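Below you'll find the structure, written out as structure tokens, and then a few comments.
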Amino acid sequence: MRTVNRYHSIALFIVSLLIVVMALAAVEAKPPLAKPALVNRYAVNSDNVLAAIQDGVSFLLKQERLHGDKSKIFWEKGIKMLQHFSNPPGRRNLRLPGMLWAPQYGGETAIVVEALLDVEQSLRLPEISQFTPAMQKPIKFLAALKPESTYVASFQANAMTLLPNKPAYRQALLRDLRYLLNTIHRDGAYGYLNPPGSPPNPILPGDWDNSNTQYGVLGEWACAHQGLEVPIAYWRLAGEHWRDTQYTDGCWVYGGFIGIHPPNASTGPEVAGRHKLYSPDIAATFTPAGVASLLICDEFTNLRPTNQPVIDPSVRSGLRWINAHFAQNISSMDVYSMYGYERVALASGLQQFGGVDWYHALAKKLLKMRGQFRGHWRQAFWRGSSDSVGTAYALLVLDRGLNPVIMSKLQYTKNYFGPWNARQRDAANFVSWVTRTYETPVNWQVVSINAPMPQWLDSPILLITGDRDPKFTKPQIAQLRKYVDLGGLVFCSGNEGSIAFKRAMLKYGEEVVHKQYEPHVLSNKNYIYTMQPWYHPVSYGQYTGISNGVRDLWVVSNQDISAQWQARRFSNRDSFEVPANLYLYAIGNGTPANRLQSPYVPKPTGPFTHNMTVSRLEYQGNWNPEPLAWMRMGRIAGNKLNLGVSFSGNNSKPKAPDGAALKLLTGTAKFKLTPAQVSALRGYLAKGGMLFADAAGGSLAFGDGMHNLVKELYPQVSLESIPLTDPLITGSFAGGVPVAKVRYRKFFVVRYGLKTTPRLLGVRQGGRWVIVFSPWDVTSGLLGTQTWGIAGYAPQSAQAIAGNVMLYALAHNHK
């Protein structure tokens, strides 16, 4: 249930930025350097997944019936489930001896409303706003619904959690809470419903199944996450059911066997003349149900932070089974099964099962299914179920998995239950708090220290926890360095404030930056404290950071933040609000990118239409604060311009010519080249070279140094504004794009006001620009990140300007 616990000043802050944000949207530049691409509707990318979600929403709205027979209103089809009872209650509505129809009235509408609200919360689609008639009426229906079965109570509770904290919705949650507490069996399982006349928490051997049981637990989890009190005994009882019914190889089945433990082997004997308990498809469906349910139970029974991981053997063996079977089971999965795997992934943070990217695999299958069924999804996990339910499940998988990954937790040992993960719910609880507090659904994930860099770059923040020195190897430090150099931010928290861990993290931080920047205690003016102007922390001086002069790269907490997250101590506000500031800082106080909008740029393969060499100009000072920014731009140029870009070695004493068509100069402070450098640079420019400079971070002091350099190079010349009609800006040359209208970073707009034209200065010699200087940051924008505190161009505009400069230099280069 959405809660807004911000101060009233947030409204004033939003209003003050509203006009700015709307204006920014209006001047959004077209994607730079883009070439027409063949459209593959089945390719797993952000555009295709978003289109599939939109198709699913449209289908569900077309299926809705706002008027008519109450039994068939909204998305209801009158589905009933047939439940077996060992001791038939002898009622007239029995279809067969030992069988009872379990009504599911309201369940279809509940899961559809849950899916639509979930999408609305993520994508803000106006047609499914809770204030439209299409949503108002079914929401009102659900708020008044009294559940009569496990599924209905679970779906209703999960839908209510996505609505504001109003009395009617909270009363519905309370009804779900009580129903699920009263209908759980004394062995921790659920059936569709309890037999008429049975007491609360009955003893019904064999009259249960793991489908209802997983949804019973999921419904109580939804209630607990909205602050309703679920007894700790409930979580222990539910957890014991899953541990008792797990097969020895780690899997679970549908269930219904009599006795505490399942048959010894997964071959599953015939039981009481009923169907065979085990089949690969059944195990593939209910093993994720078991793991997801245990992860929920463990969340509430393992609240106490420890230095050593609390190992749940059932979770470990269940994950082992999933890792061994996921790839081979993808082809046979239905949407019900996919939802189970997604629940395991989002709860555990695992990015892969058995080396397979779970979201990519499930999205790929769902995109193909969408094509087969023309914009919606079918399912066959029970006879007579509607396509609306199948589509709702598909939307939950596509949408929730697509939500932004705002934090990755570093796995630096092979074992999932290693020292890096002593608090297994720390990041999950923090991200859940962010979702509720900012009403923006976000995810977290685990990333292995040996994983390829694209997986690291899914998230702007890397969390490292532990109670000792992880003893990173040189290759692992190189991985950390690459992540930081590509725009990432590392956040470290030692268990119980471990001094050994803190010292190790500061040491590794210095090694990552080649000891170029020193750790320092973050002042109370640092953005980690000030991103939310309405919140005033009390933990000043508790964080040490390393900055490159443009942005913070590495932050180490003196406090055990992980423990506060693990224990869900939301009353300790600094432990949540200050890291939230770090998150807002990393995303530029804007909208985070979704899972498929990675800043990673693959290496171009060629062949290229043109090739050029670029070199950097080194000087005494901070001459290379973002080492991989232009390297990334080189990849963009190769992929989108067919321009092969190579980078020559750093050259502190450039000769003329040195083979480079373009030289780069940047920095964060005032600088001065030696006389020899100035002379060599003058010769390089005279013989066809070009210099592009920008003030990293928007440093005004660097701008002073640049004006002085121009005076040394050309005493009779000053930097002049490059006209908006100049080819460099109009892009009127092969491969160029117009940059007369640009977008600046949100931070820039807040500080300097709304601007839509570039500010480029230059020196013109021999009919061409030999020097181009941007007083505002371009370099940081080439990383594709939105970090706050940088006065410069938004990434798309920065890349467009850089692309034009490269092509201009190539076109005017003469040797």
### Query
Of (1) at pLDDT 95 or above; (2) in contact with a Phe, Trp or Tyr (Cβ under 7 Å, 6 or more places away or on another chain); (3) surrounded by fewer than 19 Cβ atoms within 10 Å (Cβ to Cβ), E511 satisfies all except one. Which?
(2)
### Message
On the basis of being under 25 Å from L582 (Cβ atoms), in a loop (DSSP other than H, G, I, E, B), in contact with a Lys or Arg (Cβ under 7 Å, 6 or more places away or on another chain) and among the hydroxyl-bearing types (S, T, Y), does T756 make the cut?
### Response
no
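Those residues that are among the β-branched types (V, I, T) and touching a helix residue (DSSP H, G or I) at 6+ places or on another chain (Cβ under 8 Å), I need them from region 763-815; list them, please. Steps first, answer last, please.
Step one: filter region 763-815 for residues among the β-branched types (V, I, T), giving 763, 770-772, 778-779, 785, 787, 790, 801, 805.
Listed by number, the residues that qualify are V763, V770, I771, V772, V778, T779, T785, T787, I790, V805.
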### Every residue from region 290-313 that is open to solvent by 10 Å² or more (accessible area, probe 1.4 Å), farther than 14 Å from G340 by Cα and either part of a helix (DSSP H, G or I) or of a type in the set (G, A, S) (or both)
D298, F300, T301, P313
### Query
For region 135-153, what are the residues that are open to solvent by 20 Å² or more (accessible area, probe 1.4 Å) and either more than 30 Å from S198 (Cα to Cα) or hydroxyl-bearing (S, T, Y) (or both)?
Q136, K137, K140
### Only one of T666, T605 that is among the β-branched types (V, I, T) and at pLDDT below 95
T605
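If you check A586, A593, which single one turns out to be within 22 Å of the chain's Cα centre (by Cα) and open to solvent by 20 Å² or more (accessible area, probe 1.4 Å)? Step through it out loud before you land on a result.
Numbers: A586 fails: open to solvent by 20 Å² or more (accessible area, probe 1.4 Å).
Going through A586, A593 in turn, the sole match is A593.
Which count do you get for residues in region 795-804 that are surrounded by 23 or more Cβ atoms within 10 Å (Cβ to Cβ) and either in contact with a strand residue (DSSP E or B) (Cβ under 6 Å, 6 or more places away or on another chain) or within 19 Å of V750 (Cα to Cα) (or both)?
Here is the first cut: in region 795-804, the ones surrounded by 23 or more Cβ atoms within 10 Å (Cβ to Cβ) are 797-804.
Retained after the next criterion (residues that are either in contact with a strand residue (DSSP E or B) (Cβ under 6 Å, 6 or more places away or on another chain) or within 19 Å of V750 (Cα to Cα) (or both)): 797-798.
Qualifying residue count for the region: 2.
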### Task
Would you mention how many residues in region 207-239 are open to solvent by 20 Å² or more (accessible area, probe 1.4 Å), among the β-branched types (V, I, T) and farther than 28 Å from V434 by Cα?
0
### Of residues in region 449-508 being part of a loop (DSSP other than H, G, I, E, B) and among the acidic types (D, E), the one surrounded by the most Cβ atoms within 10 Å (Cβ to Cβ)
D458
#### Entry: Subset tally (residues that are surrounded by 15 or more Cβ atoms within 10 Å (Cβ to Cβ) and farther than 27 Å from I790 by Cβ) for region 714-726
1
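The values are calculated or read from the model by the stated rules, or taken from the named source; none is laboratory data. These numbers come from a predicted model, not from an experiment. Methodologically, a virtual Cβ is constructed for each residue, glycine included, from the backbone with ideal geometry; neighbour enumeration extends over all protein chains shown. In case anyone asks, the SASA skips ligands and DNA or RNA and just uses the protein heavy atoms, side chains included. Shrake-Rupley method; radii C 1.70, N 1.55, O 1.52, S 1.80 Å.
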